[in-house]
Structure formats: C-alpha cells, structure tokens
Amino acid sequence: MMVNDKTVDLAVVGGGMTGLAFAVATAGAGADVAVIDPLPVPLSATAPFDGRVTAVARASHYLLDGIGVWPALRSAAEPIIDIEVSEHASPFRVFYDHREVGGEALGHIVENRAIRHGLIEKAKSLATTTLTLAMPDKVKRLTRGASGVQIMLDSGRVIRARLVIGADGQNSMCRREANIDVMRFDYGQTGIVATIDHEHAHHGVAVERFFPDGPLAILPMQGHRSSIVWAAENGLAQDLIALDDEAFLGELEERFDQGLGALGLAGPRYHYPLSMAQAHRYTDHRLALIGDAARKIHPIAGQGWNLALRDVAALAELTIDALRLGLDPGSASVLARYERWRRFDSLALIAITDGLNRLFANDVLPLKLAREWGLGLVNRVPPLKRFFMQHAMGLVGDLPRLMRGDAL
Ligand SMILES: Cc1cc2nc3c(=O)[nH]c(=O)nc-3n(C[C@H](O)[C@H](O)[C@H](O)COP(=O)(O)OP(=O)(O)OC[C@H]3O[C@@H](n4cnc5c(N)ncnc54)[C@H](O)[C@@H]3O)c2cc1C
C-alpha cells in the first residue's frame, strides 16, 4: 500500500457540478469521500470552458444552502421573479407571477462558473478532514468486488471504497464498465449560449419563447444582462455560429421583442449539441449513477442539473443514513431504494421536456391549436398554474430532506 493510498466510504468518479455537490454534501455530513476527475482543481474552479448559466430552482437553492455552498453563490445569483412562456406569433401565453406562490423568487440564475467556484471552495475547506480531491487524476482500473470497490489511478494511487458513484457525465466510463445500456435520441438541435447586454432592465423575468425551428430562452442575469439559450435546428445553428457578432445580434434582435432596447454581446458564444439519454439502470453492484451519467434531458425547461441535484439529495440521504446506522452504504438494499426513488422523477422529466420540444417544433394546425388552448388553459386555471409553478420550483413529489430545506 502506497502512503497516498486511501480507504474511504464513497468514491465519486467525476468532479463536475453534480459529483462535487454529492461529495460536499456527504463529506460535510461526516462520510469519508474521494473525488476523481482529470481536470485540475484551479481549472475546475474557474471553468472558462463553460459559458452556461443554470436556472437554480427553489428546492435546489435549499440543497445548496444546506450543504453550505449558497453563501458563496448568493452575491452572484439573480432572482427569477416571474416566468413568461409564449409562442411566436400567438396571442396566448402563460405568465408565472411569483405573487401567486407566496411572493418569493421562483428560483435564481447563476453562472456555471460561479457554481463550480463555490463548490470547489467548499470542497477545499473539507479537504483537510473528510474529503480527498484526486484532481487531476484518472481511473486506470475500476474493480467492484463483493465487499468493496478498488480504483487504481493513473498516478499509481489506489482508492478503496464501499460504493463508487458515477458522476462522470453523458459518456460515463462507470456506466460503460458496468455494461449498462443507454437509450439515446439526438434532437438535431444545437444549444447556442451567449450573454447579452441590453439597454433596459429585465425586471427578473425569465422568458421561454417557442419558434418553429426551436425554443429561445432569455434568462435574467445581474445588471442589464441576460443569458440566451437558443436551441436551433442544426442547419440554422451552423449558419448562426458562422455569423460575425453584429450579424448574429441582428438575427437575435428579430426574435427578441422583450422591450429590452439595444442589444450587445457581453462575451463569447458557446454551443452544445442537444440530445436525450436515459441509462436502463441507475445502479449496478456497488455502483450508483448520478446526474448526466444517469440521464440527459433537453435544456428546454432548465431542469437538467436540478434533476441531478435530486439524485444527489436522494443518494446522500440513503448513504449517510446507512453509515449512521453502521450499515454498508454500497449494499444492494441501499442501491435498490435509490433506483426506485429516482426512476419515476427522471422518466417524468424526460417525457415533459421531450414532449414540449416536439409539441412546439411542429407547425401542423391541430397541434398549434392544441398548444394555444393549453397555454390559455394553464394561464386561466389558478390551481393548474400553481401546480406547474411548484413543479418548476422543484417542490413536487417525494422530496429528499435536503430538497425540503432540512438537514442531511
Ligand atoms: C445549453 C444547456 C443549458 C442548460 N441549462 C440548464 C439550466 O438552466 N438548469 C439546469 O438545471 N440544467 C441545465 N442544463 C443541464 C446541466 O448543465 C447538466 O445537467 C449538468 O451540467 C450535468 O452536470 P454533471 O456534473 O452531471 O456532468 P458534467 O458536467 O458532464 O461533468 C462530468 C465530470 O466528469 C468528469 N469525467 C468525465 N469522464 C471521467 C472519467 N473517466 N473519470 C473521472 N472523471 C471524469 C469530467 O471532467 C466532468 O468534470 C443545461 C444544459 C445545456 C446543454
């Protein structure tokens, strides 16, 4: 055994936003945890490669607060006061007014860079006690045995744990190693992401506008700035990516009638291929998948990481409860409970995001009428509207403790 070899309770493969959130939650609750990621800590903390923002739902805010990360994010977070959902060239719309659900913000928009920075800073503060950051390092060999897991790293170091958590994103090595099949669907769309300066205030209103060639989200950021997520069909996206900044802004202005005045680009443009993926199982012997390693959804409703945080909260609760009782956190019964807990919520969100994208991408008249009827109905029926608002805030379903604002 090398001096640097480590025996922990939980080994997290993947130190992205999901893996770090799980590691911080469980290490903060007293478990011995190791995180392995090929990205060096300083690069992970600044994340210049990720130009996205995340719409952090109310329940996710509770979790981030509960694990001690929200204080670092608060000053970088812009409250979402209201949400407007509408269709291009249609008089119908849904307006989610925060006053209809208690008057607090519906969620917050936070730059991914700030989230990663907040998570890494918290992780570093735990690294003196219960958290080991093997970053940068790579998994050379993963062996899942009867009573534990052994992970040999490129550095020669060996990490032993009772459970391995696959938080290694959409091309998960952990998932492949366990021969877990994935159902995939390519949307033929590209998500173009950019930060826009605008002349007038956005008043905290997040906008989702559906166009026949894909939805455009306008998300309020601090100051007179918004982040756009334009999910354009691949052909259109290629043309948009090839445009210079001025011509790109011209295209955007044609779709941007929010009364925000003159627009400017406040940073580089980023683009992400959009696909859906769902692992056939989220668990295997001494393995649990979380975040994009378990499933990936269309960003249309801004729910991918919110869903990932529900994985984090559920698995953290089950493993910490097991450890507190002196039980094995990687046992078959813990994993079976995790699988049951997370399956339905995931399938429901895949169906909702996939269905929304297909429904609004189709210009057949009966579907257009159905959409208009649906938008009008939701807007006019208060209980229905409140249910959808609670759903968007992540407050519906069998919520783990951290998502209810309770301690782990
Ligand atoms: C355009 C766009 C907009 C979005 N907007 C929102 C939003 O508003 N709200 C929301 O909730 N969600 C949103 N999402 C979804 C959200 O960004 C993802 O669900 C989230 O980033 C997934 O994080 P993750 O940590 O699970 O995966 P990843 O970010 O992919 O992280 C995986 C990590 O694993 C590491 N890794 C990979 N392979 C290995 C290996 N073999 N060994 C060790 N480590 C490895 C990687 O280096 C990385 O650090 C959006 C997505 C897109 C594309």
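Taken together, the values in this text are just the output of simple stated rules run on the coordinates, not laboratory data. Note that the structure is a prediction, hence the values are computed from the model and not measured. Here the Cβ is made from the backbone with ideal geometry for all residues, glycine too, and neighbour counts use every protein chain on show.
Pairs of Cα atoms under 8 Å, at least six residues apart: use those to get the relative contact order of the chain, whole percent.
Working: 835 pairs, mean separation 89.0, N = 408.
In percent, rounded to a whole number, it is 22.
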- Between D5 and residues 5 or more places away or on another chain, which pairs have amide H atoms under 5 Å apart, with H built 1.01 Å from N, and which residues are they? V158
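Just rank S226, S172, S331, fewest to most, by other beta-carbon atoms within 10 angstrom.
Working: S226 27, S172 24, S331 16.
Fewest to most other Cβ atoms nearby, the residues stand as S331, S172, S226.
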- Message: Amide H of M221 versus every other amide H placed in the peptide plane: which residues, excluding those fewer than 5 positions away on the same chain, fall under 5 Å?
- Response: S226, S227
- May I ask for the distance between the Cα centers of segment 62-102 and segment 259-305, given as a whole number of Å? 18
- Task: Note down the relative contact order for segment 187-274 as a percent, whole number, built from C-alpha pairs under 8 angstrom at least six residues apart.
- Result: 45
- Query: Is it possible to state the helix-based mean residue ellipticity at 222 nm for the chain, with each DSSP H run of 4+ residues giving -39500 (n - 2.57), the sum divided by total residues, to the nearest 500 deg cm²/dmol? What is it?
  - Reply: -11500 deg cm²/dmol
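Only Lys, Arg, Asp and Glu count, each charged at its Cβ (+1, +1, -1, -1), so figure out the dipole size of the chain about its Cα centre, rounded to 20 debye.
Details: 42 positive and 47 negative charges, 343 e Å.
Taking the Cα centre of the chain as origin, the dipole is about 1640 debye.
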- Item | Using θ = phi - 60° and Karplus 6.51 cos²θ - 1.76 cosθ + 1.60, couplings along segment 243-259 (whole Hz; Gly, Pro as x) | 5, 6, 4, 5, 5, 4, 4, x, 4, 5, 4, 5, 9, 10, 10, 8, x
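Quick check: net charge around A167, other residues with Cβ under 12 Å of its Cβ, Lys/Arg +1 and Asp/Glu -1?
Details: positive: R175; negative: D37, D168, D292, D311.
Here the charged neighbours net out to -3.
May I ask you to derive the FRET efficiency for Q170 and A247 from their Cβ-Cβ distance with R0 = 30 Å, giving the value to the nearest 0.05?
Numbers: r = 32 Å, r/R0 = 1.05.
In this case the efficiency is close to 0.40.
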- Query: Leaving out same-chain residues fewer than 8 places away, which aspartates and glutamates sit with a Cα under 16 Å from that of K140?
  - Reply: D5, D37, D154, D168, E177
- Note on the structure: With bins of 10 Å, the percent of all Cα-Cα pairs of segment 1-141 per bin from 0 is 11, 35, 27, 15, 8, 3, 0
- Item | Those aspartates and glutamates that a straight Cα-Cα span of less than 19 Å connects to K385, excepting residues fewer than 8 apart in one chain | D82, E84, E87, D97, E100, E104, E208, E372
- Given charges at Cβ of Lys, Arg, Asp, Glu: the chain dipole, positive-most of G66, L325, W305: L325
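Restricting attention to segment 91-166, which GluC sites (Glu not before Pro) occupy a DSSP loop and are surrounded by at most 15 other Cβ atoms within 10 Å?
Working: sites: E100, E104, E111, E121; in loops: E104.
When the GluC sites (Glu not before Pro) of segment 91-166 are filtered for loop state and at most 15 Cβ neighbours within 10 Å, E104 remain.
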- Item | chymotrypsin sites (Phe, Trp or Tyr not before Pro) within segment 14-77, DSSP loop, no more than 14 other Cβ atoms inside 10 Å | F49
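Rounded to whole Å and ordered largest first, report the semi-axes of the equivalent ellipsoid of segment 174-251 derived from its Cα gyration tensor (root of 5λ). Before the final figure, lay out each step's value.
Values: eigenvalues 180, 63, 29 Å².
Largest first, segment 174-251 gives 30, 18, 12 Å.
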- Query: Looking at L219, A242, H198, which one has the Cα that reaches farthest to the positive end of the dipole of segment 187-274 (charges on Cβ: Lys, Arg +1; Asp, Glu -1)?
  - Reply: L219
- Most fluctuating of L318, L347, L64 in the GNM of the chain (C-alpha, under 10 Å) is L347
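If you take all C-alpha pairs in the chain, what percent of them are over 30 Å apart?
Details: 34141 of 83028 pairs.
When all Cα pairs of the chain are counted, 41 percent exceed 30 Å.
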